[in-house]
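Structure first, commentary second.
The values are calculated or read from the model by the stated rules, or taken from the named source; none is laboratory data. Source: prediction; values computed, not measured. Virtual Cβ from ideal backbone geometry, glycine too; neighbours counted across all protein chains shown. Heavy atoms of the whole protein, side chains included, go into the accessibility calculation; ligands, DNA and RNA do not. Shrake-Rupley method; radii C 1.70, N 1.55, O 1.52, S 1.80 Å.
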Amino acid sequence: MISQVFILSSKGDHLIYKDFRGEAGKDAVNKFYEMVTALTGGQPPVVMKHKELHFVHIRQGGLYWVATTKADASPFTIIEFLNRLTALVKDYCGCLLEKSVQMNFALIYELLDEVVDFGYIQTTSTDILKNFIQTEAVSSKPFSLFDLSNVGLFGADTQQNKVAPSAAATRPIVSSQGEQGSKNEIFVDVIERMSVVIGANGVLMKADIEGEIRVKCYMPSCSEMRIGLNEEFSIGKSQLSGYGAAVRVDECSFHQAVRLDEFDTYRILKVCPSQGEQTVMQYQLCDDLPTAPPFRLFPSIERDSGGRLLMYLKLRCDLPPKSAAINVSITIPVPKGSLRLSQELSSPDQSAELQPKNKAVHWEIPRFPGGAQLSALFKLEVSGLSAASLQEVGPVSLSFELPKYTCTGLQIRFLRLSPIQPGPSQRWVRYVTHSDSYTIRI
Amino acid sequence: MPYLGDEHTVRELRRALSNPNVQADHLRYRNTIHRVIRLPGLSQYVQQPLTVGLKDKAACVRRVAVLGWAKIHTLQPNTEIDVAVVNELYGLLRDPDPVVMVNCLRALEEILQEEGGVAINKPIAHHLLNRLKLCDVWGQSEVLAVLQRYRPRGEDELFDILSLLDPALLSHHAPVMAATLRLFLSLCSTLPAVCMSALERARGPLLAAAGSTSRELRYAALCHIQLLLRSEPGLMGEHYKRFFCGYAEPPYIKQNKMQVLVELVNDDNVAMVLDELRGYCTDVNTETSQTAINAIGSIGRSYTDRCLAILTGLLGLKQEHITSAVLQTLRDLVWVCPQCGDAVCSALEGWEDNLQDSQGRGALLWLLGVYGDRVTGAPYLLEDCIDGVRSEVSAEVKTELLTATLRLFLSRPAETQDMMGRLLVYCIEEEVDMCVRDQALLYYRLLHCGIEEVRQVLQGGRRSDPSLGPLIGRPPEPISQWASSFNTLEPLTLGASTVGNSDHATPKPSTLTPNTLTSNAEAMTPTPGDPHLPDCSSGALSLSVSPALTPEEFERLWLQLEKGACLEVCVQ
């Protein structure tokens, strides 16, 4: 039972305010902002209480999305509701920024009216809502064809890779007589997040993958879609690993609307996607990755005679040669008294800088081809350098993106829409692996 | 927006409501009703459209009409809701549209609030269970919450219901999973084995939620996992790696994960867990590193040697917040595991640091006081502090300093006598804070009683409390203790709460209170006359727990005082 919903910018500007039950006053908004900015880093901000009112909020797009309630409601429900609300706003407005919220406030009020009645959640399904929402979304970014990306057209049997602009998937989904007419497009994304810890001796201590198959459907009406996964896809730990590269996950769960009658035999998922974005399948794999972790670090850290800290880092990428990692960012914590950094990097497009506020050196590599090895030599002037300072050179964290690559090896064999839609329909499949948390201890 | 009380608007609204097809546009219908309900004079006009709306063909209108009755009840409390309407709402529970059904539940909950909400009998319960699959996520959570009220008659019925609900327990929609688990726990409160197996089945979805992209969902899942661990500590044993902190996670999630890690430690994984925690100790965020150090201290109660090695190693980094946290952790650890004394002493040898943080200083002074006889440089360190006592701000640090100096005096009188005298003079003559002054006066009088009394008071008490016990082996709580707060906002509001924070529950063993003193003391003969120097010829000492004056008496005496006089009361 939600009492009020409001959206604040990070500076506390009131963007949206809606009161559903008349139980609490508008001063709750200022009270919330006061409370949330007064919290220290260690205090959990998600649920706060003031007198009889609970504030539950999430942060997305740099904004605070807040719901208040007087009853002792389920936290999962309210948090999921707020997540779902941000997804709806993103579906309609294209992106989730302060500007797009400001430009579309009428639409958002209309959404809130339809989604919640008297504090009770009625429906959050885009399909049903689009019948009632009449306001048009105003897009803040003009659609530009000049962005190229790593998208490939599935099922293309020609030599060239047809590409779609990377902004194609961030267009607002529900636009009626919009600029592009009604494009029949479906994007199926296989997104994996990897979380790895490698110990100081090079041993892999932890490796987790959390993956999702997400369908983003721009078609106004779509009947059944069949997604075929790898035939050797298996779920659960089993003794028999079989021949060849098996694609295995530990656990797997499906969206409510997915029909699994052909899953056991042919590994086909059947779903009728509604317009908008939905997660069709989620899976996890722990500790038993079929491929080696993508990056290995060989560090050598010592003090030189001149009282400086020398860090020679050799980073090797263990991806197959045709793949590459992009936007690789390496963060190396350094001792507190670090003053100056001088570096020797192996290619001009890399960059490194010392950030004294975070006590870390950031090394950026825009593109790291598979099988390559890049090294860097960093010389740090540290005031008060001692033997113990070497301990402060802490665990190295990496953040990167691996386009067109999945660690589990999950592939989409085919994507069939039935019955065949009138007019051309395009199906795009994208694979990407992100690093959730990749830590290498020294 | 027209002014709501405006005559013109009121007429417009009445006209809108008297239109028999007002529900054709359901949005307009709802907005009109909502506006009208708030106006006291018009509420009778809205009942007719609402009654009609309940029977409308369009589901969206029925949804609005059902909640409209709930709005009338809540926003216009004087209006009587007819029994016929309540019956109609009960009937609409069989509506083909699932949202209408759920809205009826919600409306009946509100209207029948005084009677305990909607009555769930067997037919209604079975009907709801059968229609559960048709509802969406929100509808399912609502139905599952309402079903908690239902008590199945026999075990057969109970197990039928459980097997029907079983798929929902594994749902990857967190609200549905949490609501189902809560329902399971409430239905099976008398069958602990079934509860345990439900917890085990819910483990997978909870862990998945704890790895979700949404940070807030992760936090909610972690808080609930902590609840589960109170009853089944071994539940997450082999999944301890899922609780390793991600590099970019916000500090509050890292702290929760660390608390969970501390509980999952066992012989097999202690090396890995400690390695991981050691990495967090140098985190940029000071609170995170302090939590990590505390966590190592907690584990140290069972795996003392390894943790001590890590903690003393951290002292070498010479970073203010780390050193302060390590000292506090060592102080707490020594209280539980006195065998650590040697390692602590060697760490304190040759101590040179100048700590700014008062908590850290307090801990250092306590350690120096207790282990002063084994640390060669202790008197010199104390002397530095005593010389700087005038600029010391914190009263707690000064009290610790007094106690530590006195303790050191007992073991090394020659080196400490002089500085102790200076400290006592300062505290009694110049100190402004009354607690510090009183403590100093107490010690001064004790010293006059004799060295044996001082020894008895300061060292006769416990130097450690091994009974606080190792961390592992804490008895698991019964599920009923926390089942009622599962899937509510309570576990998240408490935040960094009681679970796993037993190091904070350790009593601070430093400042002496009268209660500790009476436990090992003998009777003292009261002396009339000058209370500054009681005559302790009998050599016995006692302190009473209750104050010498009641508050009222004190006030009376105070008001009688002349300006400039002081109040001296003899302890009886």
Practice item. Tabulate in residue order the Karplus-calculated ³J(HN,Hα) for region B:209-214, using 6.51 cos²θ - 1.76 cosθ + 1.60 with θ = phi - 60°, rounded to whole Hz; enter x for Gly and Pro. Key: 5, 6, x, 5, 5, 6
Exercise for review: Could you compute the FRET efficiency for A:D318 and B:L134, with r as their C-beta to C-beta distance and R0 at 56 Å, rounded to 0.05?
Suggested key: 0.70
Check your understanding: Residues in region B:85-100 near a label at B:E114, defined as backbone nitrogen under 19 Å from the 7 Å Cα→Cβ point?
Key -> B:85-87
Review point. Within the accessible area of region B:45-203, what % is carbon and sulfur when the probe is 1.4 Å and the other protein chains stay in place?
Key: 54 percent
Review point. If the chain between A:S383 and A:M35 were fully stretched, how many nm would it gain, using 0.36 nm times the residue separation less the Cα-Cα distance?
Key: 121.4 nm
Check your understanding: If you add up the charges near A:V66, with Lys and Arg at +1 and Asp and Glu at -1, over every other residue whose beta carbon is less than 12 angstrom from its beta carbon, what do you get?
Key -> +2
Study note, to complete from the structure: Rounded to whole angstroms and listed largest first, the alpha-carbon spread of region A:19-67 along its three principal axes comes to 32, 25, 15
Study note, to complete from the structure: Taking the chain alone as reference and the full protein assembly as comparison, with a 1.4 Å probe on protein heavy atoms only, the residues of region A:29-48 that lose at least 10 Å² of accessible area are A:T40, A:G41, A:G42, A:P44, A:P45, A:V46, A:V47
Review point. What number comes out for the charge environment of B:E142, summing +1 per Lys or Arg and -1 per Asp or Glu over other residues with Cβ under 14 Å away?
Key: 0
Point to revise | Computed label-point distance, nm, for sites A:E224 and B:K55 using a 7 Å Cα→Cβ extension | key: 4.1 nm
Study note, to complete from the structure: Taking protein heavy atoms only, a 1.4 Å probe, and rounding to whole percent, the accessible area of region A:69-142 owed to carbon and sulfur comes out at 57 percent
Check your understanding: So how do B:R201, A:R340 rank on accessible area, 1.4 Å probe, biggest first, that is with the largest at the start?
Key -> A:R340, B:R201
Practice item. Report the label-to-label distance for A:K404 and A:S10 in nanometres (one decimal), using points 7 Å from each Cα along the Cα→Cβ vector. Key: 3.4 nm
Exercise for review: Read phi for every residue in region B:239-250 and hand back ³J(HN,Hα) as whole Hz from Karplus 6.51 cos²θ - 1.76 cosθ + 1.60, θ = phi - 60°, with x for Gly and Pro.
Suggested key: 9, 4, 5, 5, 9, 5, 7, x, 4, 9, 5, x
Point to revise | Long-range tail of P(r) for region A:351-442 (Cα pairs > 22 Å, %) | key: 53 percent
Revision key, fill the gap. Toy charge model, Lys and Arg Cβ at +1, Asp and Glu Cβ at -1: region B:83-150 dipole around Cα centroid in debye, rounded to 20, equals 340 debye
Check your understanding: What FRET efficiency would be calculated for the residue pair B:K122, B:D275, taking the C-beta separation as r and a Förster radius of 60 Å, to the nearest 0.05?
Key -> 0.60
Check your understanding: Translational D (Stokes-Einstein, µm²/s) of region B:384-465 at 4 °C and 1.567 mPa s when Rh comes from the Kirkwood sum over C-alpha pairs?
Key -> 100 µm²/s
Review point. For all pairs of alpha-carbon atoms in region B:61-178, what percent lies in each bin of width 5 Å, listed from the first bin to the last filled one?
Key: 2, 11, 21, 22, 19, 13, 7, 4, 1
Review point. Using a 1.4 angstrom probe with every protein chain in place, what is the largest-first accessible-area order of B:T180, B:T190?
Key: B:T190, B:T180
Exercise for review: Order these peptides, A:11-18, A:330-337, B:167-174, by their mean beta-carbon neighbour count within 10 angstrom, highest first.
Suggested key: A:330-337, B:167-174, A:11-18
**Study point:** Whether region B:162-235 is rounded, prolate or oblate, judged on the alpha carbon gyration tensor where a/c under 1.5 counts as rounded
**Key:** oblate
Review point. Using modelled backbone amide H atoms (1.01 Å from N, in-plane), which distant-in-sequence or interchain residues come within less than 5 Å of A:K206's amide H?
Key: A:V197
Point to revise | Pairwise FRET efficiency - A:S305 versus B:D373, Cβ, R0 = 60 Å, nearest 0.05 | key: 0.90
Review point. So who's got an amide H within less than 5 Å of the one on A:Q426, skipping anything under 5 residues away but keeping other chains? H placed 1.01 Å off N, in plane.
Key: A:N184, A:E185, A:I186
Check your understanding: How crowded by other chains is B:206-216, given as the mean number of beta carbons from other chains within 10 Å of each beta carbon?
Key -> 6
Study note, to complete from the structure: Interchain or sequence-distant (5+) residues whose placed amide H lies within less than 5 Å of the amide H of A:N327 are A:R367
Study note, to complete from the structure: Taking Lys and Arg as +1 and Asp and Glu as -1, residues besides A:S195 with C-beta under 10 Å from its C-beta add up to +1
Check your understanding: Label point 7 Å out from A:Y17 along Cα-to-Cβ: which residues of region A:49-89 have amide N under 15 Å?
Key -> A:66-68
Review point. For labels at B:S197 and A:A246 in the simple 7 Å Cα→Cβ model, what's the distance in nm?
Key: 2.8 nm
Review point. Once Rh is set to the Kirkwood radius over Cα pairs, what Stokes-Einstein translational diffusion coefficient, in µm²/s, holds for chain A at a temperature of 10 °C and a viscosity of 1.306 mPa s?
Key: 64 µm²/s
Check your understanding: How well do other chains shield peptide B:103-110, expressed as the mean number of their Cβ atoms within 10 Å of each residue Cβ?
Key -> 2
Point to revise | Shielding by other protein chains, B:134-145, mean Cβ within 10 Å | key: 4
Check your understanding: How high is the relative contact order of region A:256-339, given as a whole-number percent (alpha carbon pairs under 8 Å, six or more residues apart)?
Key -> 17 percent
**Study point:** Per residue accessible area of region B:293-381, 1.4 Å probe, in Å²
**Key:** 34 Å²
Revision key, fill the gap. One quarter of the C-alpha convex hull surface, i.e. the mean projected area of region A:229-322 in nm², amounts to 11.3 nm²
Revision key, fill the gap. So, for the Cα atoms of region B:231-285, Rg and Dmax in Å stand at 11.2, 34
Practice item. Would you mind giving the total buried accessible surface between chains A and B, with a 1.4 Å probe and ligands, DNA and RNA left out, rounded to the nearest 100 Å²? Key: 6000 Å²
Study note, to complete from the structure: One checks the Cα atoms of region B:115-157 and finds Rg and Dmax, in Å, of 10.8, 29
Check your understanding: So what J values fall out for region A:253-261 if you push phi through Karplus, 6.51 cos²θ - 1.76 cosθ + 1.60 with θ = phi - 60°, rounded to Hz, Gly and Pro as x?
Key -> 9, 10, 5, 4, 8, 7, 9, 10, 5
Check your understanding: Which one of A:T279, A:T265, A:T126 has the biggest mean-square fluctuation once chain A is modelled by GNM with Cα springs under 10 Å?
Key -> A:T265
Review point. How large is the charge dipole for chain A, taken about the Cα centre, if only the Cβ atoms of Lys, Arg (+1) and Asp, Glu (-1) carry charge, to the nearest 20 debye?
Key: 800 debye
Study note, to complete from the structure: Note to self: Kirkwood Rh of region B:182-282, Cα pairs, one decimal, Å, is 14.4 Å
Review point. Name the residues of region B:227-250 whose accessible area, probed at 1.4 Å, falls by at least 20 Å² once all protein chains are in place instead of their chain on its own?
Key: B:K241, B:R242, B:F244, B:Y247
